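Structure first, then comments.
The values are calculated or read from the model by the stated rules, or taken from the named source; none is laboratory data. Since the structure is predicted, the reported quantities are computational estimates derived from the model, not experimental observations. Note that each Cβ is placed from the backbone with ideal geometry, even for glycine, and that neighbours are counted across all protein chains shown. The area values use the complete protein model at the heavy-atom level, side chains included, leaving out ligands, DNA and RNA. Shrake-Rupley method; radii C 1.70, N 1.55, O 1.52, S 1.80 Å.
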Amino acid sequence: MAPAGAGSHPLHCFQRYSRGFVAVVIAPAALTLTAGDLGALTATLTTVGAAPDGGWTTSWSSSDTTVVTVSASGTLTALSPGSATITASAGGKSASAVVTVKPSVTSIAVSVPISKYIAVGTTRTLSANVTSPSPAPAGGWGVDWTTSNAGVATVAPTGVVTAVAPGTVTITATLGAKSASVALEVLAQPGVVALSLDPPDLVIGQTDKAGVIAQATLVGALPAGGLVFSWTSSNPSVATVAGSGETGTVTAVAAGVATITATGYGKSASVRVTVGPRRTFPRGRSARSRSTIRMY
């Protein structure tokens, strides 16, 4: 029994913790590198108790050392395209980060099939030509496609462009630090966007006839009945021209020079015709060329 007048004393309780880990945190949680590059991850340990002699030890591992390796200090070496999980472990605890390795790219170029013109409501598939010391990944290069104006044209991850509204749009392909772009012109409706004549120059003899061909770059479907052009001569006394379709038949009248012009769909093209002495063609040959229409 406590002596009279003696005060009470508080009771202090202490809980002893053993040394150990509460958590391991790895940063960053995701990282993208290019093959051949170095990178780094950091593991932060939340601990209880005093550190053991020599300090806490963290071990590092990679799920795929053909893609990326990791050193004892967390330094990464990117080897080949792909992805791997990097794990830091200490005291029975662990944390992981996903590392994606993109191929090393020397250059990239965008290939436009045939023409830069595209009509509203139609599609055009672009392709990216990649130059790299690395082999192409099994799933392809993984090029990122973007459009400068989705209101004019959109682009899918596969490079398929869909024309939305008239205007000019830039489509860009990006892979790693390399990118390439191409400008496309979206037309409100199909039509002829370019016209040339074949041959560009013509020399014929007096009274000879020769065919001049209109070579049209056409966006959209060929009109029913084919293309129609008007043909004119700047000097009918030297050479005349007849025709309403893709071929103008030139007839030499007299020595001299004339310009033959084909006009249609807001486009025109001309050829210089020189009429000289009458020429004799070997049997089976003529001065007529083969018709060419480029359709997109």
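Show me the three semi-axes of the equivalent ellipsoid for the stretch 198-250, from the C-alpha gyration tensor (sqrt of 5 times each eigenvalue), largest first, rounded to whole Å.
Details: eigenvalues 122, 26, 15 Å².
So the three semi-axes of the stretch 198-250 are 25, 11, 9 Å.
State the extension gain, in nm to one decimal, for the chain segment bounded by Ala242 and Val257, taking 0.36 nm per residue of separation less the distance between their alpha-carbons. Mind showing how you got there, number by number?
Working: separation 15, 0.36 × 15 = 5.40 nm, distance 1.71 nm.
Extending this stretch completely gives an extra 3.7 nm.
Would you mind telling me the antiparallel percentage of the DSSP bridges in the stretch 135-292, rounded to 5? All intermediate terms of the calculation are to be shown ahead of the outcome.
On the way: 45 of 50 bridges.
Around 90 percent of the beta bridges assigned by DSSP in the stretch 135-292 are antiparallel ones.
Report, please, the projected area of the stretch 22-148 averaged over directions, based on the convex hull of its C-alpha atoms, in nm². Before the final figure, lay out each step's value.
Numbers: hull surface 45.2 nm².
With the hull built on Cα positions only, its mean projection is 11.3 nm².
Quick one: which residues, 5 or more positions from Ser134 or on another chain, have an amide H under 5 Å from its amide H? H modelled 1.01 Å from N in the peptide plane, none for Pro or chain starts.
Amide H neighbours of Ser134, under 5 Å, 5+ apart: Ser104.
Give me the extension gain from Thr170 to Ala156: residue separation times 0.36 nm, minus the current Cα-Cα distance, reported in nm with one decimal. Each step should come with its number before you reach the end.
Working: separation 14, 0.36 × 14 = 5.04 nm, distance 1.38 nm.
Contour length minus the Cα-Cα distance gives 3.7 nm.
One-quarter of the Cα convex hull surface for the stretch 157-285, in nm²?
Over every viewing direction, the Cα hull of the stretch 157-285 projects on average to 12.1 nm².
Averaged per residue, what accessible surface does the stretch 179-247 expose to a 1.4 Å probe, in Å²? Display every interim value, and only then the final one.
Working: 2910 Å² over 69 residues.
Dividing the accessible area of the stretch 179-247 by its residue count gives 42 Å².
Compute the Rg to Rh ratio over the stretch 121-220 from the alpha carbon atoms, using the Kirkwood formula for Rh, and round to two decimal places. Mind showing how you got there, number by number?
Numbers: Rg = 20.3 Å, Rh = 16.8 Å.
Computed over Cα atoms, the ratio is 1.21.
Around Val169, with a cut-off of 13 angstrom between Cβ atoms, what is the net charge of the other residues, counting Lys and Arg +1 and Asp and Glu -1? Walk me through the numbers on the way to the answer.
Details: positive: Lys116, Arg124; negative: Glu185.
Surrounding charge for Val169 is +1.
With all protein chains present, how much of the accessible area of the stretch 135-268 (probe radius 1.4 Å) comes from carbon and sulfur, to the nearest whole percent?
Values: 3320 of 5910 Å².
With neighbouring chains kept in place, the figure for the stretch 135-268 is 56 percent.
Could you pull out which residues in the stretch 97-128 have an amide N less than 12 Å from a spot 7 Å beyond the Cα of Ala183, following the Cα-Cβ vector?
In the stretch 97-128, the label zone of Ala183 (backbone N under 12 Å from the point 7 Å along Cα→Cβ) covers no residue.
What nm distance separates the two modelled labels at Ser71 and Thr47, each placed 7 Å from Cα along Cα→Cβ?
Placing both labels 7 Å along Cα→Cβ, they lie 2.2 nm apart.
When the Kirkwood hydrodynamic radius is evaluated over all pairs of different C-alpha atoms of the stretch 127-177, what value in angstrom, to one decimal, is obtained?
Values: mean 1/r = 0.0826 Å⁻¹.
That comes to 12.1 Å for the stretch 127-177.
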